[in-house]
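Notes for the one structure printed next.
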Amino acid sequence: MIYLKKILPLSFLLFLLSCGTETPSPTPSKNPLAVQTKNIADPFNDYWYQGEAEITSYDLEQARYGEIREGNAVMVFVTEEFSKKNHVKLDNPSRSPKDAVPVLKLNMTRKFNTGIYPYSMMMSSFTPVDLKEFPNTLKVTNSSQEWCGHTFMQLNLGKYSYESQLRSYFESEGDETTRLERTFLEDELWSKIRIDPRSLPQGNIDIIPSTTYARLKHIDFKNEKATASLKEKENEMHYNLKYQNLDRKLTIVFEKEFPHQIISWEESYKSGFGPRAKTMTTKGTRKKSIMLDYWSKNGNEDAHYRKELGLE
């Protein structure tokens, strides 16, 4: 069963979740509307506006340079108020309520080693909770660090297109700014699953590929053609995405029932370069999921949460 969410008026969402700063942020308030409607089942608000983030760890098998590397991935989902104008988190939404858009933010990290040197990659997406009023994700960023150097990508939604920025240490890429036709983003699929799986695109679609895949493959970043489908398998839902021109497949497995947690994913494509490149499959498999106000857990005594998530 897929639940319908109830969008909270902005006036009720004055304090949402935020990462800690040098000056401690106020404790996020629980959903005040739930007090007034406590006899009405509202699982979306009850789950996502309880003053905590959902943190899920995954065993990672990452294809890189024609070999599978073991590592960890983490997904952190949290709600916050986002600036429609400036595409940044609002520190005080009450000062500009007309500019505030409730979003479900995803920070997705991957960490793995290639021989002697490590990779650290992170994708952040900011997807409005109200998909009817805001059907497109407002912003995506991606950073990749390894011993050769680091790169950064950013997508910002405009009126008719996404502005794509790339900052790279590679000569062939350098600093680039381009515009991509406004369409679906692969990086927004994860949040749309959590908000409402019925919003997932199906059939023959135009889509902008994953920024993580783009950084690993150094592809010409542009709109692509793909075929997408959503299938039910017992208590799971399987979302399948096949690109026509990239020789790449993605499958995301998630729970059929709300809150639709991501169980696992697989992505298959050629890893390595030149004639030695071969098709390999990257996998992420869920280990542990907790709800936690992690921004307040930054003391040495809080390190046990990493062990709980299997990240030590």
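Numbers for the structure displayed
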{"quantity": "Hits in the range 196-229 (condition: in contact (Cβ under 8 Å) with a residue 60 or more places away in the chain, farther than 19 Å from Leu155 by Cβ and in a loop (DSSP other than H, G, I, E, B))", "calculated": "Asp196"}
{"quantity": "Filtered residue count, the range 271-287, keeping only those that are loosely packed, with under 14 Cβ neighbours inside 10 Å and out of contact with any Lys or Arg (no Cβ under 6 Å at 6 or more places or on another chain)", "calculated": "5"}
{"quantity": "Scan of the range 290-307 for residues that are assigned to a helix (DSSP H, G or I) and among the small types (Gly, Ala, Ser), ordered by number", "calculated": "Ser296"}
{"quantity": "Residues of the range 167-182 classified as farther than 22 Å from Thr114 by Cβ, touching a residue at least 40 places away in the same chain (Cβ under 8 Å) and not hydroxyl-bearing (Ser, Thr, Tyr), total", "calculated": "3"}
{"quantity": "The range 268-287 residues that are under 13 Å from His218 (Cα atoms), paired with ones that are hydrophobic (A, V, I, L, M, F, W, C) (beta carbon under 6 Å, 6 or more apart)", "calculated": "Lys270/Ala277; Ser271/Ala63; Ser271/Met280"}
{"quantity": "Some residue of the range 111-122 being more than 27 Å from Glu255 (Cβ to Cβ), outside any strand (DSSP E or B) and among the hydrophobic types (A, V, I, L, M, F, W, C)", "calculated": "yes"}
{"quantity": "Matching residues in the range 40-89 - criterion: being more than 30 Å from Glu267 (Cβ to Cβ) and part of a strand (DSSP E or B)", "calculated": "Glu81, Ser83"}
{"quantity": "The lone exception for Glu81 - which of (1) at pLDDT below 95; (2) surrounded by 20 or more Cβ atoms within 10 Å (Cβ to Cβ); (3) of a type outside the set (Val, Ile, Thr) it fails", "calculated": "(1)"}
{"quantity": "Condition check for Ser210: closer than 28 Å to Thr114 by Cβ, in contact with an Asp or Glu (Cβ under 8 Å, 6 or more places away or on another chain) and crowded, with 19+ Cβ neighbours inside 10 Å", "calculated": "yes"}
{"quantity": "Unmet criterion (only one of (1) loosely packed, with under 14 Cβ neighbours inside 10 Å; (2) in contact with a helix residue (DSSP H, G or I) (Cβ under 7 Å, 6 or more places away or on another chain); (3) not in a loop (DSSP other than H, G, I, E, B)) for Glu312", "calculated": "(3)"}
{"quantity": "Positions within the range 182-236 being of a type in the set (Asp, Glu) and modelled with pLDDT under 95, in sequence order", "calculated": "Asp220, Glu234"}
{"quantity": "Selection within the range 133-150 - at pLDDT below 95 and assigned to a strand (DSSP E or B)", "calculated": "Gly149, His150"}
{"quantity": "Index of the failed condition, Ser120 passing every other in (1) out of contact with any strand residue (DSSP E or B) (no Cβ under 9 Å at 6 or more places or on another chain); (2) surrounded by fewer than 16 Cβ atoms within 10 Å (Cβ to Cβ); (3) modelled with pLDDT of 95 or more", "calculated": "(1)"}
{"quantity": "Single residue of the range 123-153 satisfying the filter (surrounded by fewer than 18 Cβ atoms within 10 Å (Cβ to Cβ), in contact (Cβ under 8 Å) with a residue 40 or more places away in the chain and touching a Lys or Arg at 6+ places or on another chain (Cβ under 9 Å)) that is farthest from Lys85 (Cα to Cα)", "calculated": "Asp130"}
{"quantity": "Tally of residues being under 30 Å from Val253 (Cβ atoms), more than 14 Å from the chain's Cα centre (by Cα) and either polar (S, T, N, Q) or in a loop (DSSP other than H, G, I, E, B) (or both) across the range 159-195", "calculated": "3"}
{"quantity": "Tally of residues being of a type in the set (S, T, N, Q) and more than 18 Å from Glu146 (Cβ to Cβ) across the range 50-76", "calculated": "3"}
{"quantity": "Restricting the range 213-225 to residues that are closer than 19 Å to Thr251 by Cα and under 20 Å from the mean Cα position of the chain (by Cα), the residue that is surrounded by the most Cβ atoms within 10 Å (Cβ to Cβ)", "calculated": "Ala214"}
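The values are calculated or read from the model by the stated rules, or taken from the named source; none is laboratory data. Every value quoted in this text rests on a predicted model; they were computed, and no experiment measured them. Note: ideal-geometry Cβ built from the backbone for every residue, glycine included; neighbour counts use all protein chains shown.
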